[in-house]
Structure formats: C-alpha cells, structure tokens
Amino acid sequence: MLVELRFHGRGGQGAVTAANILARAAVIEGKYAQAFPYFGAERRGAPVMAFARISDRPLEVHSQVRNPDIVVVLDPAIPQLVDVTQGIKPGGLIVLNSPGKSNIKYERVYCVNATKIAKDLGLVIGGWPVVNTAILGALIKVSTLVKVESLEKAIEEQLGEALAKTNIEAMRRAYNEVKPCER
C-alpha cells in the first residue's frame, strides 16, 4: 500500500507542518513515510504546497507527488487559483477547508470548516487561523491513513506539550465535523 498526498495552502497556515505531523503519525504505527515542502521565496499568505507519502514498504521515490491519491486544501480560495484536481488518481479524494460547499469538479470532496475551528479555539497567529491540525482530523476520518491516537502523539511530538492540547482538540473536532461537500 502506497498513499501519496499533496497539500495546498498558504504560507503560515501550516501545510508543511501538517504533512510532517501526518508522516510522523504513520511512522509511529510502524509504516514508512516522508514529507517535504515545495515553495520558493514565498512569504506569509502566498500559495505553497507540501507532499507526503505513506507506505507499508520502504520508500524509494523522493520527488514531488504528481499523481496524488489524496489532495488536502487548507485555504478555501486556493481552488480558484490552482487546479487542485490536477493529476489526482481515479478514485482519489479531496479534503477541503470550507464551511460545507465546494465548486471543485470532482466526485469525492469532503468539507470541514477548519477556519472556524481554529478561530473558536484561538489557533490564530498574526491574524491567520492555523488550520493544519483541524484539517488532519478531517483527513484521517475520511481516509483512515492513521489512527487518532497516533496522530495525537505526533501532534504532541511536533508541537510540544504546551500547544498540543488545543491542537488535539481542533483535530478531534474536525474529525467529528467533516462531511461530504454540498455542490
């Protein structure tokens, strides 16, 4: 089993951190994983991408993910700027930070209002809601890539004990609130 993911977001939203946390959760479960960013000289708010791979066998490929099984979109405006469906494998899925609607022309699109969750819990830095842990909760609910407990442990390791509690709460809330998007 090899699952490849592409994360779309804006600088400061936590797309790179989300990919790293997900990869760490997979390693905690004894799987092989890698995560890495793709960006140039962007600044906070500019579009960024990150990639992750999870497998039950050692990973030999170390390049961008061009044909993802799963696309994760942290900013609801990104689909107006970038074709997030580009290269997605047949039967793949998209997890979108949105209040519930999507204009993405793709069959399996799931929505969670990660922005509202982040704001409700005070996960805001410099005026920007940090939606990464919330979007990961939605992702693992619809994909079953890793267990909730593994993701919690990875969040603690990545963010430290002080930040982990609120971020785990965001992850759990999104896990419970994700649903298929309305068109």
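Overview of values
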| item | result |
| --- | --- |
| Output for segment 123-140, where each listed residue is touching a residue at least 12 places away in the same chain (Cβ under 8 Å) and surrounded by fewer than 20 Cβ atoms within 10 Å (Cβ to Cβ) | ILE125, GLY126, TRP128 |
| ALA174 being free of Cβ contacts under 8 Å to residues at least 24 places away in the same chain and either under 16 Å from THR17 (Cβ atoms) or touching a helix residue (DSSP H, G or I) at 6+ places or on another chain (Cβ under 8 Å) (or both) | no |
| Positions within segment 127-158 being more than 13 Å from the chain's Cα centre (by Cα) and of a type outside the set (Val, Ile, Thr), in sequence order | GLY127, TRP128, PRO129, LYS147, GLU149, SER150, GLU152, LYS153, ALA154, GLU156, GLU157, GLN158 |
| Neighbours by Cβ (under 8 Å, 6+ apart or cross-chain): first from segment 58-71, in contact (Cβ under 8 Å) with a residue 12 or more places away in the chain and surrounded by 11 or more Cβ atoms within 10 Å (Cβ to Cβ); second β-branched (Val, Ile, Thr) and assigned to a loop (DSSP other than H, G, I, E, B) | ASN67/ILE88; PRO68/ILE88; ASP69/ILE88; VAL71/VAL84; VAL71/THR85; VAL71/ILE88 |
| Test for GLY160: is it without any contact (Cβ under 8 Å) to a residue 60 or more places away in the chain, within 29 Å of ASN67 (Cα to Cα) and small (Gly, Ala, Ser) | no |
| Meets criteria (modelled with pLDDT of 95 or more and surrounded by fewer than 18 Cβ atoms within 10 Å (Cβ to Cβ)) for LEU22 | no |
| Leading residue by the ranking (nearest to the chain's Cα centre (by Cα)) among those in segment 104-126 that are closer than 19 Å to TYR175 by Cβ, assigned to a loop (DSSP other than H, G, I, E, B) and among the aliphatic types (A, V, I, L, M) | LEU123 |
| Matching residues in segment 91-103 - criterion: being assigned to a loop (DSSP other than H, G, I, E, B), in contact with a Pro (Cβ under 9 Å, 6 or more places away or on another chain) and either without any contact (Cβ under 8 Å) to a residue 12 or more places away in the chain or farther than 11 Å from PRO180 by Cβ (or both) | GLY92, SER98, PRO99, ASN103 |
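Residue by residue, here is whether (1) modelled with pLDDT under 95; (2) in contact with a Gly (Cβ under 9 Å, 6 or more places away or on another chain) holds:
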{"residue": "LEU136", "(1), (2)": "no, no"}
{"residue": "ILE140", "(1), (2)": "no, no"}
{"residue": "VAL148", "(1), (2)": "no, yes"}
{"residue": "LEU151", "(1), (2)": "no, yes"}
{"residue": "ALA162", "(1), (2)": "yes, no"}
{"residue": "LYS165", "(1), (2)": "no, no"}
{"residue": "ARG173", "(1), (2)": "no, yes"}
{"residue": "VAL178", "(1), (2)": "no, yes"}
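The values are calculated or read from the model by the stated rules, or taken from the named source; none is laboratory data. Bear in mind that the values here come from a model prediction, so they are computed numbers and not experimental data. Because the Cβ atoms are built from the backbone with ideal geometry, glycine has one as well, and the counts that use them run over all protein chains shown.
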